[in-house]
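Chemist: This is the structure I have questions about; it appears just below.
The values are calculated or read from the model by the stated rules, or taken from the named source; none is laboratory data. What you are looking at is a predicted structure, and each value in this text was computed from that prediction instead of being measured. Neighbour counts are summed over all protein chains in view; Cβ atoms, including those assigned to glycine, are modelled from backbone coordinates with ideal geometry. What goes into the accessible areas is simple: the full protein's heavy atoms, side chains included, and nothing from ligands, DNA or RNA. Shrake-Rupley method; radii C 1.70, N 1.55, O 1.52, S 1.80 Å.
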Amino acid sequence: QVQLMESGGGLVQPGGSLTLSCAASGGVISPSTVGWYRQVPGKEREWFASSVAYGRRKYADSVKGRFTITRDNAKNTVYLQMNTLKPEDTADYYCYSKHGAEYWGQGTQVTVSS
């Protein structure tokens, strides 16, 4: 069973940058689609980025041009580079891996505030 652990969240000022990591253990992510969701308490979970096994990436319009998802299959890790952060990006961020079964991390909190 794949276990995912996010890290890198924190407090950042508007316009700033942050990089999240999602480390996988118990299995490899190379054949999987990996991605990120975020959720604000009281609101629906929002998908915003994914990367399929052969590398094609998709983004929600809300983050396109600002966020970049990458994967290092050798390190079994997924990254999310977030630039030009806005207060509305404040949320709990979750990574997932899907290859037949779907696995989720515990989340990391990102707060964008001055």
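Chemist: Once amide H atoms are built 1.01 Å from N in the peptide plane, which residues 5 or more positions from F67, or in another chain, come under 5 Å H to H?
Modeler: Residues meeting the criterion, in which the H sits 1.01 Å from N, are N83.
Chemist: Moving on. Determine ³J(HN,Hα), in whole Hz, for all residues of the stretch 29-37 in sequence, where each value follows from phi through the Karplus function 6.51 cos²θ - 1.76 cosθ + 1.60 and θ = phi - 60°; x replaces Gly and Pro.
Modeler: Karplus values, whole Hz, x for Gly and Pro: 9, 4, x, 9, 7, 10, x, 9, 10.
Chemist: So for E46, E102, E6, what's the accessible-area order with a 1.4 Å probe, most first? Numbers along the way, then the final one.
Modeler: Values: E46 60, E102 85, E6 20 Å².
Most to least solvent-accessible, the answer reads E102, E46, E6.
Chemist: Still on this structure, I have one more. Under 16 Å between alpha carbons, and skipping anything fewer than 8 positions from K75 in its own chain: which aspartates and glutamates qualify?
Modeler: E6
Chemist: Sequence neighbours fewer than 8 away in the same chain don't count; with that in mind, list the aspartates and glutamates whose C-alpha is under 14 Å from K58.
Modeler: E46
Chemist: With just the Cα atoms defining each centre, how far is the stretch 1-44 from the stretch 50-102? Give it in Å.
Modeler: 7 Å
Chemist: Take L80, L18 and sort them by solvent-accessible surface of the protein heavy atoms, 1.4 Å probe, largest at the top.
Modeler: L18, L80
Chemist: Excluding residues on the same chain fewer than 8 positions from K43, give the aspartates and glutamates whose Cα lies under 14 Å from its Cα.
Modeler: E88, D89, D92
Chemist: Now a separate question. With the cut-off at 15 Å, report for the stretch 1-40 the share of all Cα pairs above it, as a whole percent.
Modeler: So the pairs more than 15 Å apart make up 54 percent of the total in the stretch 1-40.
Chemist: Give me the distance in nm between label points sitting 7 Å out from Cα along the Cα-to-Cβ direction at A101 and A60, one decimal.
Modeler: About 2.7 nm, to one decimal.
Chemist: Send over the Kirkwood Rh of the stretch 1-99, from the inverse of the averaged 1/r over different Cα pairs, rounded to one decimal Å.
Modeler: Numbers: mean 1/r = 0.0732 Å⁻¹.
Hydrodynamic radius (Kirkwood, Cα pairs) of the stretch 1-99 is 13.7 Å.
Chemist: Can you tell me the relative contact order of the chain? Whole percent, Cα pairs under 8 Å, sequence separation 6 or more.
Modeler: So the answer I get is 37 percent.
Chemist: Would you mind checking which residues have amide H under 5 Å from G105's amide H? H placed 1.01 Å from N; only 5 or more apart, or other chain.
Modeler: The answer is C95.
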